[in-house]
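Working notes, structure below.
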Amino acid sequence: MSSLLQVARPPERALLIFDGDCAFCRRWVARWQRVVGDRVEPVPSQRDDLAVRFPELTRAQLDSAVHFIEPDGRVTRGAEAVFRSLAGVWRWPLWLYEHLPGCAAFSEFTYRFVARHRACLSQGLPP
């Protein structure tokens, strides 16, 4: 399910672009960052410089899912982006995603379900 999307000007350090207006997203990115440390930079999709820095990514794309941009310019989104962002610490989720039949489809289905219901899932979470 890997994307063929590449950015012309890749970052020096991997980026995880997420919805910074979403309490659910902010909470999970904070947890995720405790695992990956400074290997990956979390960037809210609302940052003004993203459109200039990565013109290959549209606002609609960034609004629809988390995106992971690697230093080689490769861009992935959704569940694959999450697994790739964690691969420097936990390799097994990405391995399962890539090798276990049905895992990628199930992971992406689950990601889309959570993404569509994140407003409901973030009820009661601190801002």
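The values are calculated or read from the model by the stated rules, or taken from the named source; none is laboratory data. Computed from a prediction, not measured in an experiment: that's the story for all the values here. Cβ atoms come from the backbone with ideal geometry, glycine included; neighbour counts cover every protein chain shown.
Residue-by-condition table, conditions (1) modelled with pLDDT of 95 or more; (2) under 17 Å from Leu4 (Cα atoms); (3) among the charged types (D, E, K, R); (4) touching an Asp or Glu at 6+ places or on another chain (Cβ under 6 Å):
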position	(1), (2), (3), (4)
Pro42	yes, no, no, no
Ala51	no, no, no, no
Phe54	yes, yes, no, no
Arg59	no, no, yes, no
Gly73	yes, yes, no, no
Ala79	yes, yes, no, yes
Val89	no, no, no, no
Ser107	yes, no, no, no
Gly124	no, no, no, no
Residue in region 76-89 that is within 12 Å of the chain's Cα centre (by Cα) and in a strand (DSSP E or B) present: yes
Residue list for region 2-57, restricted to those being touching a Gly at 6+ places or on another chain (Cβ under 8 Å), part of a loop (DSSP other than H, G, I, E, B) and surrounded by 14 or more Cβ atoms within 10 Å (Cβ to Cβ): Val7, Pro10, Ser45, Gln46
Residue satisfying condition, being charged (D, E, K, R) and within 20 Å of Cys22 (Cα to Cα), within set Glu41, Glu56, Glu98, Glu70: Glu41
Count of region 61-71 residues which are within 19 Å of Gln6 (Cβ to Cβ) and assigned to a helix (DSSP H, G or I): 3
Residue within region 107-126 that is of a type in the set (Lys, Arg), exposed (fewer than 14 other Cβ atoms within 10 Å of the Cβ) and within 20 Å of Ile17 (Cα to Cα) present: yes
Residue match in region 88-100 (condition: surrounded by fewer than 18 Cβ atoms within 10 Å (Cβ to Cβ), touching a Ser or Thr at 6+ places or on another chain (Cβ under 7 Å) and not β-branched (Val, Ile, Thr)): no
Enumeration of residues in region 73-94 that are over 21 Å from Ala23 (Cα atoms) and in contact with a Phe, Trp or Tyr (Cβ under 9 Å, 6 or more places away or on another chain): Arg74, Val75, Thr76, Glu80, Arg84, Ala87, Trp90, Pro93, Leu94
Residue match in region 40-62 (condition: of a type in the set (Gly, Ala, Ser) and closer than 19 Å to Trp90 by Cβ): no
Condition broken by Trp95, with the remaining ones in (1) farther than 17 Å from Leu4 by Cα; (2) modelled with pLDDT under 95 satisfied: (2)
